[in-house]
Amino acid sequence: MNALNHTDHNKAVCIENLMVKYNETPVISGVSLNVESGDYLGIIGPNGGGKTTLLKAIIGLIPYASGNITVYGKKPGKLGRLISYVPQMTTLERTFPITVSEVVLTGTLNAAFKPFHQYTKSDKEKADELLHTVGIYKLKERMISELSGGEFQKMLIARALAVNPKLMLLDEPTASVDANARDQIFSLLNELNRHMTIILVTHDLSAVSSHVKTLACLNGKLVYHGVTELNEAVVNALYGCPIDLIAHGVPHRVLKMHEESE
Amino acid sequence: MLLSILQYQFIQNAIIASIFASIVCGIIGVIIVEKKLVMMSGGIAHTSYGGVGLGYFLGFEPIIGAFLISMLAALGICFIKRRGGTRSDVVIGLFWSLGMALGILFIALMPGYPPDLSSYLFGSILSVTRADLYLMAGVTLIVVLVISILFHYWKAYMFDEEFAYLLGIKTAWLEYLLFILIAMSVVVLIRVVGIILVLALFTAPPAIAERLTKSLKLRMIFSVMIGSVFCLMGLFASYIINIASGAVIVILAASVYLMVYIVTSVKKSMRIKKSC
């Protein structure tokens with residue numbers, strides 16, 4: 001480990017005063033955020049608030065205009081297999097001719113091109129094991145077009161795990177997923193959080209309150225970062241209007257009791 | 001009768017050319033269709049007309065001109081695509097027309113009688129020369145090798161480019177390579193179906209194969225076979241009724257695709273009705 005790593009060896013991600021632009025328009029600006037190693041960070045915010053943009057900037061998929069990002073002391077784009085990613089399902093072609101097990105195997109590919117590459121026996125065993133972990137082993141020979149939303153998300157998580165990352169980023173892994181699969185995915189993430197750092201972008205506010213350790217609220221700027229209890233001022237800044245809907249009918253309240261509601 | 005025409009050298013050349021064309025269009029076509037690069041490939045093909053004109057104007061083999069210009073167009077279009085932005089389709093449309101316009105300009109500037117360009121525009125499989133065959137063989141070999149050597153990487157890139165990037169795979173390099181392969185394939189196909197009709201041979205066999213099999217590798221193999229049938233049938237039709245090979249091949253490809261489409265759609269709707 002070099003000196004730079006040593007100074008923040010327990011920081012998974014350090015973001016300082018980050019600005020990311022899309023066509024000259026800042027999507028996010030002034031974002032400073034530290035994610036401790038072992039954390040389980042939930043990022044919420046309205047559509048267009050820059051959640052996906054932030055994840056992609058951390059990975060190095062999109063460049064940033066100013067500021068600084070380091071992941072375990074390294075720059076985005078030079079992270080090797082430290083980091084892995086579950087993209088938004090809607091960005092992928094679900095009719096693409098590939099089987100579940102082939103998708104997971106792509107996670108074992110190395111950066112350097114190997115002519116006539118074939119997956120080894122240990123690659124295949126690893127893929128099988130990961131498919132067991134996420135609970136879709138029996139679907140391994142299926143084409144991805146035959147999967148339900150939940151099964152597809154589980155497959156993407158298995159592929160992300162094949163990288164052996166220290167940090168895993170997930171972009172709405174419970175979108176278009178039924179309630180049962182949703183619970184399975186969250187308990188899987190809880191399990192994974194024992195030995196890896198997780199950053200989760202989600203619209204699922206009830207999940208945020210009951211599963212994640214820390215919370216960040218992003219609406220162009222970082223509105224809030226801290227423990228997973230929102231107050232009304234933060235929600236107002238985030239969504240522009242008071243939303244008390246999000247606390248209804250869920251076992252864990254996101255909001256504290258309103259004073260007026262007494 | 002069939003055996004007797006097989007003895008002609010030009011028929012033998014045409015058959016070999018058909019096979020080469022089917023191989024490249026089958027393999028590259030599947031990728032183009034899956035990656036939704038059909039219009040960009042059309043842009044590359046049409047721009048190559050400028051190269052044909054340049055060849056005539058400067059007095060070198062027009063197909064070499066097409067090869068060079070389509071290569072430049074491929075790199076340019078790939079660059080624009082990678083830069084993103086909402087205007088990339090506009091730029092590709094401009095490339096498309098500009099290439100053709102330059103071709104017309106060069107031919108007009110050329111001294112002497114203007115050559116007959118319809119063989120480049122609509123294909124003329126019966127006039128394929130030995131030299132053409134060598135070029136086509138070389139390109140086909142390169143396409144097959146590049147795709148099979150990196151097959152798993154292509155698959156990862158095609159399914160999820162961003163994830164491939166995250167793994168450290170050089171996706172930009174793969175993409176430029178793919179566009180170069182498209183440009184090379186265009187050159188092979190020009191002799192068989194012509195610049196204007198290239199798109200049909202890139203799209204129809206993969207689209208039919210898509211309805212027959214779900215595996216990527218089989219889809220490529222089926223496309224090659226379907227393409228060969230079209231090209232060979234087109235070749236014989238063009239020999240017998242003396243029409244540009246490209247036109248016959250494209251009409252055949254499009255009608256078969258339409259038929260397959262109708263049959264599978266009817267089957268599907270019947271299945272849905274049954275399950276209701």
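The values are calculated or read from the model by the stated rules, or taken from the named source; none is laboratory data. Remember, it's a predicted structure, so these values are computed and weren't measured experimentally. Neighbour counts are summed over all protein chains in view; Cβ atoms, including those assigned to glycine, are modelled from backbone coordinates with ideal geometry. Note: areas computed on protein heavy atoms with side chains; ligands, DNA, RNA excluded. Shrake-Rupley method; radii C 1.70, N 1.55, O 1.52, S 1.80 Å.
Say whether the condition of being touching a helix residue (DSSP H, G or I) at 6+ places or on another chain (Cβ under 6 Å), in a loop (DSSP other than H, G, I, E, B) and away from every other protein chain (no Cβ under 14 Å) is met by at least one residue in region A:65-72.
no
Given the condition among the aliphatic types (A, V, I, L, M), assigned to a helix (DSSP H, G or I), out of contact with any His (no Cβ under 9 Å at 6 or more places or on another chain) and touching a residue at least 60 places away in the same chain (Cβ under 8 Å), answer yes or no: does some residue in region B:93-112 qualify?
No.
Are there helices (runs of 4 or more DSSP H) fully within region B:144-249 with at least 3 residues that are over 12 Å from the mean Cα position of the chain (by Cα), more than 10 Å from every other protein chain (Cβ to nearest Cβ) and at pLDDT below 95? List them.
Numbers: elements: B:151-159, B:161-166, B:171-193, B:198-212, B:216-241.
It comes to B:198-212, B:216-241.
Give region A:22-47 a look and list any residue that's among the hydroxyl-bearing types (S, T, Y) and modelled with pLDDT under 90, or say none.
Quick first cut of region A:22-47, residues among the hydroxyl-bearing types (S, T, Y) only: A:22, A:25, A:29, A:32, A:37, A:40.
Selection gives A:Y22, A:T25.
Residues that are surrounded by fewer than 19 Cβ atoms within 10 Å (Cβ to Cβ), modelled with pLDDT under 95 and more than 9 Å from chain B (Cβ to nearest Cβ): does region A:50-60 have at least one?
no
State whether the residues of region B:125-138 include one that is open to solvent by less than 50 Å² (accessible area, probe 1.4 Å), under 30 Å from A:P87 (Cβ atoms) and free of Cβ contacts under 8 Å to residues at least 40 places away in the same chain.
no
What pairs come out if I take residues in region A:83-109 that are facing chain B (nearest Cβ under 8 Å) and pair them with residues that are polar (S, T, N, Q) and in a loop (DSSP other than H, G, I, E, B) whose C-beta lies under 6 Å away, six or more apart or interchain?
A:P97/B:S215
Give B:V52, B:V90 a once-over and let me know the one that is in a helix (DSSP H, G or I) and either modelled with pLDDT of 95 or more or more than 21 Å from the chain's Cα centre (by Cα) (or both).
Working: B:V52 fails: either modelled with pLDDT of 95 or more or more than 21 Å from the chain's Cα centre (by Cα) (or both).
Of B:V52, B:V90, the one residue that is in a helix (DSSP H, G or I) and either modelled with pLDDT of 95 or more or more than 21 Å from the chain's Cα centre (by Cα) (or both) is B:V90.
Mind checking which residues of region A:110-144 are within 14 Å of A:M155 (Cβ to Cβ) and either within 8 Å of chain B (Cβ to nearest Cβ) or in contact with a Leu (Cβ under 6 Å, 6 or more places away or on another chain) (or both)?
A:A127, A:L130, A:Y137, A:K140, A:M143
Given the residues B:I208, B:I180, B:I249, B:I169, which is the only one that is closer than 26 Å to B:Y134 by Cβ and surrounded by 20 or more Cβ atoms within 10 Å (Cβ to Cβ)?
Checking each option against the conditions leaves just B:I249.
All but one of (1) within 30 Å of B:V224 (Cβ to Cβ); (2) in contact with a helix residue (DSSP H, G or I) (Cβ under 6 Å, 6 or more places away or on another chain); (3) outside any helix (DSSP H, G or I) hold for B:G42; state the number of the condition that does not hold.
Going through the list (1) within 30 Å of B:V224 (Cβ to Cβ); (2) in contact with a helix residue (DSSP H, G or I) (Cβ under 6 Å, 6 or more places away or on another chain); (3) outside any helix (DSSP H, G or I), B:G42 breaks only (3).
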